[in-house]
Amino acid sequence: MGTSKSKDTRIRVSEPSRQRELIGLWLKVFTVIAIVASLVHIWMNSFSLTVAIKRNAVHLAFMLGMTYLTYPASSKSPRDRFTWSDAVLAALSVMVGFYIYFAYDGLVARALVPVPLDYFMGALAVILVLEGARRSTGNILPVLAIIFLLYARFGYLIPGPLGHRGFSWARIITRMYMTDEGLFGVTLMVSASYVFMFILFGAFLSKTGTAKFFNDFAMGLAGRLRGGPAQVSVIGSAMMGTISGSAQANVVTTGTFTIPLMKSVGYAPHFAGAVEAAASTGGILMPPIMGAAAFMMASFLGIPYVKIMAAGVIPALFYYFGIFLMVDLEARKTGLEGMPKEQLPDVRKVVREGGHLLLPIAVILLMLILGYTPLYAAFFGLITTVVGSYLRKSTRISFRAILEALAEGSKTAISVGTACAVVGFVVGTVSMTGLGQVIALNIMKLSMGKLWFAMILVMLAAMVLGMGLPAEACYIVTASVAAPALVNMGVLPMAAHFFVFYYGTLSCVIPPVALTSYTAAGIAQANPTKVAIAALKLALAGLIIPYFFVYQPMLLMVDVQPLRLMWAVASGLLGIWCLATSLQSYLTKPLTTIERVCFFVASICLIDPGFTTDLVGFSALAVGLAAFFIRTKQQSRSAAGV
């Protein structure tokens, strides 16, 4: 994560295939803007009493403006500088954002009765946000937003239950631009506050060498295991996931070390990339700093983020347990072994020299547990990172590094900010038209009242949407239109939203738009499609996890009863082990088709903690194990000539 000291220092971000690499004067201009953006956000979130919609407007002005400076309009646009047309669009973006900041009080005084200039600014904002999202996230998200806007306008042309009376363009622009239920709604609010501050916190942590500490610690802890560097990748990515909240950032941070190491001990390049991609995806699920969607979930549900954080612990551990098993079984199949002890770091020495780097994470955790807001915790996490870095000379943050962290925080937040802005059109349309309840009722009808069938439909909806949307955008859309169906069928709101959040997260490794896999493929110098397919297979071991916590919400730390929770965790881990064994078709030797089916049936039945399903699951597991051991024993006798 260090920055080159040459004069030609370039901006590198989480999606290098999209963003420019600015140089020279262009870099200096943008860096100044990015630093100012971070300082303004720190001031708004930590010291100011700015009204939420005004804070969102300032956030939009900076994020959308920087989008036009860093994301080219097309493949033919210059990659090392922005053009004058980009600068004009950036200036217009700043204008439509700050217009609301300065004009909102007058608009409220007029009882939200717009004047012609309000409509003009609103229409311009819609166009700029759509184009900014196209540049930063691709075509799918803005096209989806346009479809929803057209649905709000022309719903009267649609027959059946999805139809509605329709709204005028004036009404739509007013709702989307001049209220907190559209563009400046909950999605942009979360991006402007929690998400930005924690992204900034991660940027500061990267300057202290925390990523190297995690890598060395994971190497010393897991390097001698059968999976060797692959298990190091899983553990290192899980640790990095506690502070990154971003799958792509996780890959870039840990993958540059673990992927070459995996290749050096015999893993195929595509599998090495896949391990890192699947492991890094879990960074969005891993508390305390989860993905942007987790903060949005807290806002949607109206509960403190600390409850979301607590609810995420067991699902995240389940996910990494599944990947750990898949990697271990792959190592068994290919005959790989761990690394020699003399090549590994000493864990005690690593902790002694870098353990103080965990202090900011401990401060954030403690403050969240004590009931302080995430914004308050993030601010003091920043302060602790800077102060704590001076405990050792090797980790001290210089003034230059502080400026670099401020700039990198803003740069990383750009794509999240524009995605949250354009998704505001979807959320606003859903609230205007009541589309969410209509879709929820239709899911209930289609599933014929069967919860398991409804969950499959919602899962497929989230995964299909996730193929073209960033994880946070996928969560917002699916939570708006599909999660209500599960709630209406008796699922706890926390479990329903976590269900959607989980499958939206897997979009990072689901082809054809598997950004995490493609990022890992670049580092591994492997075929992106092969990496994406292998990563999806590794992540499939965790595919059943959301079903566990829907049927047993106690896994989300809701109404905990210690003995029942222990049983739910044990059966969940066993179910994941059965699924991993079935998917890899390997135990200590290859499995037959019948044995694989037995393990698969056991994994499915162990989802529901009921007596009957557990009985069937344990019976299937017993049959599978008995068949495997009897067969392997007979084969051993035959080989020995007995």
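Here are some notes:
- Among residues of region 507-540, those that are assigned to a helix (DSSP H, G or I) and modelled with pLDDT under 75, counted: 3
- Only one of the numbered conditions (1) free of Cβ contacts under 8 Å to residues at least 60 places away in the same chain; (2) of a type in the set (A, V, I, L, M, F, W, C); (3) in a helix (DSSP H, G or I) is violated by Ala495, and that is (1).
- Of all positions in region 440-447, none carries a residue that is out of contact with any Ser or Thr (no Cβ under 7 Å at 6 or more places or on another chain), assigned by TED's automatic domain parsing to the domain that holds Pro269 and closer than 27 Å to Lys537 by Cβ.
- Residue selected from region 253-264 under the condition at pLDDT below 85 and crowded, with 24+ Cβ neighbours inside 10 Å, by the criterion nearest to Gly335 (Cα to Cα): Met262
- Looking only at region 106-126, and only at residues there that are assigned to a helix (DSSP H, G or I) and out of contact with any helix residue (DSSP H, G or I) (no Cβ under 9 Å at 6 or more places or on another chain), the one that is surrounded by the most Cβ atoms within 10 Å (Cβ to Cβ): Phe120
- Subset tally (residues that are out of contact with any Phe, Trp or Tyr (no Cβ under 7 Å at 6 or more places or on another chain) and surrounded by fewer than 19 Cβ atoms within 10 Å (Cβ to Cβ)) for region 135-154: 8
- Number of positions in region 194-214 that are within 18 Å of Leu403 (Cα to Cα) and either in contact with a Phe, Trp or Tyr (Cβ under 9 Å, 6 or more places away or on another chain) or hydrophobic (A, V, I, L, M, F, W, C) (or both): 9
- Residue in region 399-407 that is touching a residue at least 24 places away in the same chain (Cβ under 8 Å) and buried (at least 24 other Cβ atoms within 10 Å of the Cβ) present: yes
- Every pair of residues 6+ apart whose Cβ atoms lie under 7 Å, when the first sits in region 22-38 and is assigned by TED's automatic domain parsing to the domain that holds Leu200 and under 21 Å from Ala57 (Cβ atoms) while the second is in a helix (DSSP H, G or I) and of a type in the set (Val, Ile, Thr): none
- Every pair of residues 6+ apart whose Cβ atoms lie under 7 Å, when the first sits in region 128-154 and is within 19 Å of Ser75 (Cα to Cα) while the second is among the aromatic types (Phe, Trp, Tyr) and modelled with pLDDT of 90 or more: Gly132/Tyr68; Arg135/Tyr71; Ser136/Tyr71
- Test result for Tyr151, over 26 Å from Leu375 (Cα atoms) and not small (Gly, Ala, Ser): yes
Residue by residue, here is whether (1) under 22 Å from the mean Cα position of the chain (by Cα); (2) of a type in the set (Ser, Thr, Tyr) holds:
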position: Leu536; (1), (2): yes, no
position: Tyr547; (1), (2): yes, yes
position: Tyr551; (1), (2): no, yes
position: Met554; (1), (2): no, no
position: Thr581; (1), (2): no, yes
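- Residue list for region 238-271, filter: assigned to a loop (DSSP other than H, G, I, E, B) and either over 19 Å from Gly409 (Cβ atoms) or touching an Asp or Glu at 6+ places or on another chain (Cβ under 9 Å) (or both): Val265, Gly266, Tyr267, Ala268
- Condition check for Phe549: buried (at least 19 other Cβ atoms within 10 Å of the Cβ), among the aromatic types (Phe, Trp, Tyr) and either more than 30 Å from Leu261 (Cβ to Cβ) or at pLDDT 85 or above (or both): yes
- If only residues of region 162-204 that are surrounded by fewer than 24 Cβ atoms within 10 Å (Cβ to Cβ), in a loop (DSSP other than H, G, I, E, B) and not hydroxyl-bearing (Ser, Thr, Tyr) are counted, the one that is modelled with the highest pLDDT is Phe167.
- On inspection, Ser619 qualifies as among the hydroxyl-bearing types (Ser, Thr, Tyr) and surrounded by fewer than 19 Cβ atoms within 10 Å (Cβ to Cβ).
- Some residue of region 363-370 being within 26 Å of His497 (Cα to Cα) and without any contact (Cβ under 8 Å) to a residue 12 or more places away in the chain: yes
- Residue check, Phe62 under 24 Å from Glu408 (Cα atoms), among the aromatic types (Phe, Trp, Tyr), touching a residue at least 12 places away in the same chain (Cβ under 8 Å) and surrounded by 22 or more Cβ atoms within 10 Å (Cβ to Cβ): yes
- Residue selected from region 370-384 under the condition out of contact with any Leu (no Cβ under 9 Å at 6 or more places or on another chain) and of a type in the set (A, V, I, L, M), by the criterion surrounded by the fewest Cβ atoms within 10 Å (Cβ to Cβ): Leu370
- One residue from Leu92, Leu22 being at pLDDT below 95 and surrounded by 15 or more Cβ atoms within 10 Å (Cβ to Cβ): Leu22
- Filter result for the condition that a residue is without any contact (Cβ under 8 Å) to a residue 60 or more places away in the chain, small (Gly, Ala, Ser), assigned to a helix (DSSP H, G or I) and closer than 30 Å to Leu486 by Cα, over Ala580, Ala570: Ala570
- Residues that are in a helix (DSSP H, G or I) and small (Gly, Ala, Ser) within region 608-624 comprise Gly617, Ser619, Ala620, Ala622, Gly624, listed in sequence order.
Conditions (1) under 25 Å from Thr179 (Cβ atoms); (2) of a type in the set (Gly, Ala, Ser), marked per residue:
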| residue | (1), (2) |
| --- | --- |
| Ser77 | no, yes |
| Asp80 | no, no |
| Val96 | yes, no |
| Tyr99 | yes, no |
| Ala111 | yes, yes |
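- Annotation note: Cβ proximity below 8 Å between a residue of region 83-104 that is assigned by TED's automatic domain parsing to the domain that holds Leu130 and a residue that is in a helix (DSSP H, G or I) and basic (Lys, Arg) (sequence gap 6+ or interchain) occurs for Ile100/Lys54; Tyr101/Lys54; Tyr104/Lys54.
- Applying the condition of being among the small types (Gly, Ala, Ser) and not in a loop (DSSP other than H, G, I, E, B) to region 583-606 and asking which residue is nearest to the chain's Cα centre (by Cα) yields Ser603.
- Listing of helices (runs of 4 or more DSSP H) fully contained in region 304-407 that carry 1 or more residues being within 23 Å of the chain's Cα centre (by Cα): 305-311, 313-334, 359-369, 374-389
The values are calculated or read from the model by the stated rules, or taken from the named source; none is laboratory data. Source: prediction; values computed, not measured. Virtual Cβ from ideal backbone geometry, glycine too; neighbours counted across all protein chains shown.
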